[in-house]
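Nothing in this text is a laboratory measurement; each read-out follows from the coordinates by a stated rule. Predicted model, so just to flag it, every value in this text is computed and none were measured. Neighbour counts run over all protein chains shown; Cβ positions are idealised from the backbone, glycine included.
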Amino acid sequence: MSKVGFLKNKVFSNSLWLILEKILSIFGLIFVTSMVAKYIGPDNYGKLVFASSLFAVIQTISMFGSENLFFQKISKNRVIGEKLIAATKKYRTIIYSVLSILLLSYLYFYTDQLTFIYSIATCIALYFALHDTPYVIYFDALLKSKVNVICNMVGILVTLIVRYLIVKLNLSLMWFIVPIMSFSVIPYFIRIYFYKKNKTKINLNSNASKIYRTYMLGAGKKLLLYSLAVVIYTRTAQIFLGMKSQEDLGIYTVAVTLGMSFSFVLNAVITSYMSQIYAERNFQKSKNMTSFLYGIILVISLCAIVFLYFLGPYIIYYLYGEKYERVNNILILVSFSCLLSSISNISDKYLVKESAYNYLSRKTNILVMFNILTAMFLINIYGLIGAVISVLLTELISATICNYFFRYGEIFKVQLQTFSLKVYRKSHD
C-alpha cells in the first residue's frame, strides 16, 4: 500500500472512531439529559445550563487560543506539541483559578443556592476538562482517536448510570453535582495515563519552557477571540436568555441539543480530514481538498435537517414531554446554525493553515461585537426566538462575508469550487 493510501485509510479509520465516540456522547446528551430535563423541569434545567455557560467562557479564556495551535503543531511535529502542552499548563491553571474565584464570589451573592451549588460542581468539572483538552487534541491530531473513545466511553457510562439512578430513586436535585463532575474527571485521569504511555521523553528546561510559553502568548492572543467566538456564538445567547428567563433557557438548550445532534459527524469528518489538509504541501491540492470537505459537510447537514424536520416533533414529545413543546418552533433554525458553524469551522482552520492569525483575530473581533449586540437587542425584544436568530445571523456572517476579504476572496473561490464536479473527480484520482 502506498503512503498516501495508508494515510487515507488512517484518516477514514480515525473518522469512524471519532464518530463512535460522539455517538456515545450524543446518546448521553439526548437520552439521559432528556430524562434529567423532564425530571427537574425547564426552570431548574435552565439553572444547570446557566452555570455551565458561564464557566465554559472562563475555560475558553484559560485555553488562551491554544486549541488550534496544539492541533497544528502536533500534526506536524508531536515533540514540539508535547513541549507546548507541558510548558503552558501552569498558565492555564492560573488564569482559570483567578477568574473562577471571581465568578463564584459573584454567584454566591446574586444567585439561589441550587444555581451556586451547580456552579461549584461545574467549576471543578471544567477545571479537569481544561487540562484534558490538550490531550484530546493530541490523540486526534495523531489520528489515534481510538484512545479518546475509550476514555470518554468510560466517563459517559459512569455518568449515565449515576444520572439514571438519581432519577430512578427520586433523589434530591443536589445529587446532580456527581454526574456533572464525573463526566470530565474520569476521562481526564484515564487519558493522562495513555498520554504518559504514548509521549516521547521530552527534555524541557526552564529556558525552553519560557520560549514555548512566550510563543503561546504571542500566537494565542491572536486566536483567543476566535476561540471565544466559537463559545460566544451559543453561550452569549444562553447567558442573556438565562438572565431574562431560565425557563426559556431550558427550552433553548434542548433545541440546541437536538438541532445540533448531527454535529458529531461533521466534527469527526472535519477533524480527521483537516489533518490531511494540513499535511498537504501542494497549494492547489489543499484548496481542492478543502472544497471537497465543504461538499461533504453540506450533504450530511442537509440530510440531517430533513430528518429533523419530519421526525423532530415526535422525538421531542417522546423524550422530553409536553413541557418542551416550544422546542418545535426553533429546532430547524438551530439545525441551520449547526450547518453554518461547521462551514465556518472549516474556513477558520484553513486560515490557521495559512498562518493568517491577524486576519482571524480581526474577523473574530467583528463577530464577537456583532454577536453580543444582536443577542442583547433581539433577546430583549423577542426572547427565545431572538436568541436563535442572533446565533443564526452570526454563524451566517462567520461562514461567508467575514472570510471573503482574505487574499481577494480566496475562501469564496474555494467555497464556490465546492459546486464543481471536477473537485470530486480529482479527489478520487
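Ranking of TYR357, TYR108, TYR39, TYR318 by neighbouring Cβ atoms within 10 Å, starting from the fewest: TYR318, TYR108, TYR39, TYR357. Placing +1 on each Lys and Arg Cβ and -1 on each Asp and Glu Cβ, with no other charges, gives the stretch 3-426 a dipole about its Cα centre of roughly 2100 debye.
Each of ASP112, ASP140 was scored by other Cβ atoms within 10 Å of its Cβ. Arranged with the fewest first, they read ASP112, ASP140. In the chain, the calculated helix contribution to ellipticity at 222 nm averages -29500 deg cm²/dmol per residue, counting -39,500 (n - 2.57) for every DSSP H run with n ≥ 4. Here the spin labels are modelled as points 7 Å beyond Cα on the Cα-Cβ line, and at LEU416 and ILE192 they lie 5.1 nm apart.
Of the residues LYS197, LYS323, LYS287, the one that moves most in a GNM of the chain with alpha-carbon contacts below 10 Å is LYS197.
Which entry is the computed mean projected area of the Cα convex hull in nm² for this structure: (i) 28.3; (ii) 25.3; (iii) 20.6? Step by step, mean projected area of the Cα convex hull in nm² for this structure corresponds to label (iii). Long hydrophobic helices in the chain: the complete DSSP H runs spanning 20 Å or more by Cα along their own axis with mean Kyte-Doolittle hydropathy of at least 0.0 are 3-27, 33-63, 78-110, 113-141, 145-168, 177-198, 206-244, 263-279, 283-319, 331-353, 357-382, 384-399. Counting beta carbons within 10 Å around each of GLU410, GLU67 and listing the fewest first gives the order GLU410, GLU67.
List the pairs from LYS89/LYS353; LYS146/LYS287; LYS89/LYS363; LYS287/LYS413 whose alpha-carbon separation is above 18 Å, in the order I gave them. Table pairs above 18 Å Cα-Cα are LYS89/LYS353; LYS146/LYS287; LYS89/LYS363.
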